[in-house]
Each structure stands twice: as structure tokens, then as C-alpha cells.
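**Q** The following block contains the structure, expressed as C-alpha cells.
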Amino acid sequence: MLTKRIIPCLDVKDGRTVKGVNFVNLRDAGDAVELGALYAAQGADELVYLDITATIDGRSTFIELVKRVAQTINIPFTVGGGISSVADVSALLHAGADKVSINSAAVRNPDLINELALEFGSQCIVVAIDTRYIDTEHGKEHIVHTHGGRKPTKLRTIPWAKEVEDRGAGELLLTSMDTDGTKNGFALELTATISDNGNIPVIASGGAGSMSHFYDVFTTGKADAGLAASIFHFREIDIPDLKDYLSDKQLPIRLTR
Amino acid sequence: MKTVIIKYNAGNVQSVMYALDRLGAGYLYTDDVAEITSADKVIFPGVGEASTTMSYLRKTGLDKIIPELKQPVFGTCVGMQLMCRHSEENNTDCMGIFDVDVKRFPADSGMKVPHMGWNNIIDYKTPLTDNIPQSAFMYFVHSYAAPVCEYTVATCDYAFPFSAMLHRDNFYAAQFHCEISGDAGQQIIENFLNLKS
């Protein structure tokens, strides 16, 4: 049976993992390759590495890191952060990444999704959507944000999710900026709506604070995968314990111990 | 021992090479016919679309070379599908090493397509699964699959029961990505490399 996936996310700057509450107040959580290998050994189903370095030098450092990750671990991993062209994607896939995640560039230029899907296949194109529930001229709506969730766009989240699927995205990484960093649980209703509306897997992100939050997002939230960062990095939740917990609750889970 | 990874227009095979590196196994990544036919082991990987990859194999003559190989050959993912008779993906005639037709997962099954993630395989009947725990999880990413047939040596279930692995004579194939399927996947690659040529 296809299992629900647990995905630690590693924000990377200069080869090291960082994660802050609501993307500010960064704290150091260690070496990115070693941490990834540790998660893989613990039973993480996939990894996501997000490059939060903005400089040109940082980008080539990140490609070197991707290479070392691919050489070291034997589970799939996705890379994202600042990807804006076919050439960027090609370099990352050739370094050994299994999938790439695009975010702001997809908003700026939606045709990029079609181009990437044609060139590399939908299976390796993840579109990340950062969303926030805000006041608009039509009342409160879920609106796509860019720039780490700071900048609202004109796009409404639910139709945008469908559009990126139609354009060839193979998977969605949905981050609720309303729940991110709160540890009060994932955005269940929005995740379920998007999962029901589409036919591609949805990775839910933002808000995980306890093991029951993962149970909720896989059941009520209808997510295919749950992603979290700090609760894993700071060992508030151990992945083997989390997987045992979910498996005991009868969810399909890949147990590795 | 000489292991060759067949080079063709089949997307990114970097992770296959890294998996062999982790096992300490040397390899050549080549489309040279002499190198392929003289290898002890041949790996036929694949990430891509059936008609484009198949037309490339035809253009280069590899579509005739591969079915004639006598040493152990291991096709993975799209590589496996190209070893079947036909694929529904853009109505493509394939190499016909395995007499079975590859079907698309039905859109009306209520299941998401592609089948993406970790799923368990069962009913092993191949030396490639030696030392693999029962009902082991493997990483799949695909929208098309070969139904269970006489060559099926491991089964997986998604929308319908399908061939997770195929075997006929010296030809082996896996639908999943061994190279990123954790320790169990790595064991399958190791088992293939350890087959007697």
C-alpha cells in the first residue's frame, strides 16, 4: 500500500542547515549532509533542501552540497530556492537531485512549469505554494505569496494549485504562512480542499508541533506527505517515534526499524 | 567485472551512478555497442517518456542490440517499460523482451497519478530480492505500469496489481527506483551485480 510520507525540510545557507520561526531568527541546526543522512537512517521518506542563500557564490556552494547529498543518501530528495530557469534545474538534476521545487519563478512566469515538465518530466517538478489567508477586496481569501511568504500576489491559492497541475507540475508543496512556525497544526481545511481538487500528491507544510498534527493532516487534511523542519532539527519529535505512532493509528507508513 | 550503464536520452541517471559508487562498483556509462556487448553486467536505466526514448533507441540501433544481449541485463523504471511489448504512453511499440503491454493507471480509479512514493512489493520470485525483508518498501514514480503476467517476479498494488519486477532468462527489470529505495533498494542492485554472468 502506498504510504504517507514524512519529509524533514532543511533550509541551507553556506552548506549548513538553518531554520527560524516564521523564517526569521535563524538558529543553527547543523551540517546539511550529515543531518540528511541521519534523517534517512531514521526512516525519513524523502528530504527537502531549500537554498536560502541569495548570492551567486552561495548557489555554486549549494550545487556542491546537492552532489554530496546525492552521493551520501539513498532516499529521494527535492531541492529548491531561487530556481528560475531550465538551466538552473538542469544543473541541480545533474548534480543528483531527484526533484526540484519552484516557487516565485512559477508565479512570475507560469510557462516555466510547462517548459520544465516537457524538458524533465512532471515527476521531478514540484511547485511550492506559500499561502496566507488575508483580506482582499472580495473578503478574506487564500492568496499566494512570494519572497518567503512576505509578498502577496494577485493569485488565489486554490485555482492556482489547479493551474500548476494542468501546466505539468508533478507534486505540490503547500506551505501555510498562517500556521508556519506556530506549532499549532497544519492548515487542514485548505490542504484537504487542494488535495480533493487535484490529482497530484500534496505535501503539507507549516505548523507541525506534535505527532497528532501529522495524523490530522494525513486524515482530515488528505495530504500525501507531511513536511516539517524545526521539530525534527531540535528533536522535539523523533522520526522513528512519529512513524510508530502513525502506524499504530492504522495509517500506511513505511516502518524501517 | 565490467558493468555498463547504457547511455541514451533517458533523463538523469546520476543517482544510479552514485548508488554504484556507494557499493564500490566500477562502471562505464556508454552507448558504445562494443562496450555494451562485452560487459559482464548491463544496467538499462530510465527516466523519461516512452515514445521519445524508444525512437532514440531505434535511431541508434540499440533496440536491436539490447534484446540480443546474453549477459545479465537490469532495466529500471522506464527502462523496464521499454523492455515490454508496447506502452500506452503515446502508443509506443517497445522492445518486446517481456511479452506484456504497459497500461496507464486509470484516471477514474480515484487514485492520484503518478503513483509516487513508497509502496511495498510482495510475492518475490527472483534472486534479486535475496536478503530483502518480506513486503519491503520501494520508491515508485510512474504513471504507467505492466500488469501482472507470467514474467512477474514481484508484485505491487496501486489502482491494479502490477509487476514491480520482471524476469525472463538473463533479463531482469524493476519498476521502482532501486537507487533511491533505501537499504532494500541498494541490496537489489548488489544482488544484480553478484549474479553469475
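The values are calculated or read from the model by the stated rules, or taken from the named source; none is laboratory data. Only a predicted model underlies this, so the values are computations on that prediction, with no experimental measurement involved. No Cβ is skipped: glycine too gets one built from the backbone with ideal geometry, and neighbour counts run over all protein chains shown.
**Q** Quick one: is A:SER104 at pLDDT 95 or above and under 30 Å from A:HIS233 (Cβ atoms)? Can you show your working first?
**A** Working: at pLDDT 95 or above: no; under 30 Å from A:HIS233 (Cβ atoms): yes.
Judged against the criteria, A:SER104 is not a match.
**Q** Can you tell me which residue within region B:90-118, out of those that are more than 10 Å from chain A (Cβ to nearest Cβ) and aromatic (Phe, Trp, Tyr), is surrounded by the fewest Cβ atoms within 10 Å (Cβ to Cβ)?
**A** B:PHE105
**Q** On the given criteria, is A:ARG59 in contact (Cβ under 8 Å) with a residue 24 or more places away in the chain, more than 8 Å from every other protein chain (Cβ to nearest Cβ), farther than 14 Å from B:MET17 by Cβ and basic (Lys, Arg)?
**A** Values: in contact (Cβ under 8 Å) with a residue 24 or more places away in the chain: no; more than 8 Å from every other protein chain (Cβ to nearest Cβ): yes; farther than 14 Å from B:MET17 by Cβ: yes; basic (Lys, Arg): yes.
For A:ARG59, the condition - in contact (Cβ under 8 Å) with a residue 24 or more places away in the chain, more than 8 Å from every other protein chain (Cβ to nearest Cβ), farther than 14 Å from B:MET17 by Cβ and basic (Lys, Arg) - is not met.
**Q** Mind checking which residues of region B:155-197 are part of a strand (DSSP E or B), under 12 Å from the mean Cα position of the chain (by Cα) and among the polar types (S, T, N, Q)? Outline the logic, then answer.
**A** Of the residues in region B:155-197, the ones part of a strand (DSSP E or B) are B:155-158, B:160-168, B:171-174.
Checking which are under 12 Å from the mean Cα position of the chain (by Cα) leaves us with B:163-167, B:171-174.
Passing the criteria: only B:SER163.
**Q** Okay, moving on. Given A:THR193, A:THR175, which one is in a strand (DSSP E or B) and either under 16 Å from the mean Cα position of the chain (by Cα) or polar (S, T, N, Q) (or both)? Working first, answer last.
**A** Details: A:THR193 fails: in a strand (DSSP E or B).
Selected residue: A:THR175, the only one of A:THR193, A:THR175 that is in a strand (DSSP E or B) and either under 16 Å from the mean Cα position of the chain (by Cα) or polar (S, T, N, Q) (or both).
**Q** Still on this structure, please answer the following. Could you count how many residues in region B:120-154 are over 14 Å from the mean Cα position of the chain (by Cα) and within 27 Å of B:ASN91 (Cβ to Cβ)?
**A** Qualifying residue count, region B:120-154: 5.
**Q** Turning to a different aspect of this structure: Determine whether B:ASP157 is without any contact (Cβ under 8 Å) to a residue 40 or more places away in the chain, more than 10 Å from every other protein chain (Cβ to nearest Cβ) and more than 18 Å from B:THR3 (Cβ to Cβ). Quick ask: steps written out before the conclusion?
**A** Details: without any contact (Cβ under 8 Å) to a residue 40 or more places away in the chain: yes; more than 10 Å from every other protein chain (Cβ to nearest Cβ): no; more than 18 Å from B:THR3 (Cβ to Cβ): yes.
Answer is no for this residue.
**Q** Among the residues of region B:1-53, write down those that are within 14 Å of chain A (Cβ to nearest Cβ) and either free of Cβ contacts under 8 Å to residues at least 24 places away in the same chain or polar (S, T, N, Q) (or both).
**A** Within region B:1-53, B:ASN9, B:ASN12, B:GLN14, B:SER15, B:MET17, B:ASP21, B:GLY24, B:SER51, B:THR52, B:THR53 meet the criteria.
**Q** For region A:241-255, give me the residue count where each residue is surrounded by fewer than 20 Cβ atoms within 10 Å (Cβ to Cβ) and either within 14 Å of chain B (Cβ to nearest Cβ) or of a type in the set (D, E, K, R) (or both).
**A** Our first condition is that a residue be surrounded by fewer than 20 Cβ atoms within 10 Å (Cβ to Cβ); within region A:241-255, this holds for A:241, A:244-245, A:247-252, A:255.
Imposing the further condition that a residue be either within 14 Å of chain B (Cβ to nearest Cβ) or of a type in the set (D, E, K, R) (or both) reduces the set to A:241, A:244, A:247-249, A:251-252, A:255.
So the answer is 8.
**Q** Could you list all residues from region A:68-89 that are more than 9 Å from chain B (Cβ to nearest Cβ) and assigned to a helix (DSSP H, G or I)? I'd like the intermediate steps shown before the answer.
**A** So the first thing to find is which residues in region A:68-89 are more than 9 Å from chain B (Cβ to nearest Cβ), and the list is A:68-69, A:78-89.
A:ARG68, A:VAL69, A:VAL86, A:ALA87, A:ASP88, A:VAL89 - these are the residues of region A:68-89 that are more than 9 Å from chain B (Cβ to nearest Cβ) and assigned to a helix (DSSP H, G or I).
**Q** While we're on this one: Answer yes or no as to whether A:THR182 is in contact (Cβ under 8 Å) with a residue 40 or more places away in the chain and of a type in the set (S, T, N, Q). Can you show your working first?
**A** Numbers: in contact (Cβ under 8 Å) with a residue 40 or more places away in the chain: no; of a type in the set (S, T, N, Q): yes.
It is false that A:THR182 is in contact (Cβ under 8 Å) with a residue 40 or more places away in the chain and of a type in the set (S, T, N, Q).
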